[in-house]
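The values are calculated or read from the model by the stated rules, or taken from the named source; none is laboratory data. Predicted, not measured: the structure shown is a model, and the values here were computed from it. Cβ atoms come from the backbone with ideal geometry, glycine included; neighbour counts cover every protein chain shown.
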């Protein structure tokens, strides 16, 4: 979607992300980034939603309605480094709205894991959904204000960055045979054939 940019990095435990919106007429409107359990599907996803009124929280999406967008219990609000606001430094001179957060790759607490699909950046792609609200308070988004994407959050195109195995050491050079002493009489020569064998080749004694 033109005017909507998703920036991210990952480390061993978190994805650190920022959703930047420069769409005309949307300054300060709520933004959402969802981690879908089914590609392109809102229902069943977990979403990070930011708004000027509600701040930045982690939600479960149970239905395609405002009533089905439920913030998680405080014990499962595991986001870090959250912020939401409007910056007047867009490239075109207008305003940009920025939602920033760090989300755990695996959502877990002392009593165990929850039902979220783990984010595995270097194992498989992550199914994402994005939405931009028509107003600052959380509400229904327009059909043309949402988009889905499947992204490798780790290695480029999912290709593991593995160093190739080292090359084997070169074979030692084959030492040339010691030349025989000059002979006055050919019949007196008793050359050793093995001394003339090199890397599978056989040189004929003269």
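Note on segment 20-59: residues that are more than 26 Å from the chain's Cα centre (by Cα) and either within 23 Å of residue 107 (Cα to Cα) or not in a loop (DSSP other than H, G, I, E, B) (or both) total 3.
Residue 73 fulfils the conditions (1) without any contact (Cβ under 8 Å) to a residue 12 or more places away in the chain; (2) closer than 19 Å to residue 147 by Cα except for a single criterion, (2). Within segment 76-104, being modelled with pLDDT of 95 or more and assigned to a loop (DSSP other than H, G, I, E, B) holds for one residue alone: 79.
In segment 134-153, the residues that are under 14 Å from residue 42 (Cα atoms) form Cβ pairs under 7 Å with partners that are at pLDDT below 85 and part of a loop (DSSP other than H, G, I, E, B), at six or more places apart or across chains, as follows: 147/1.
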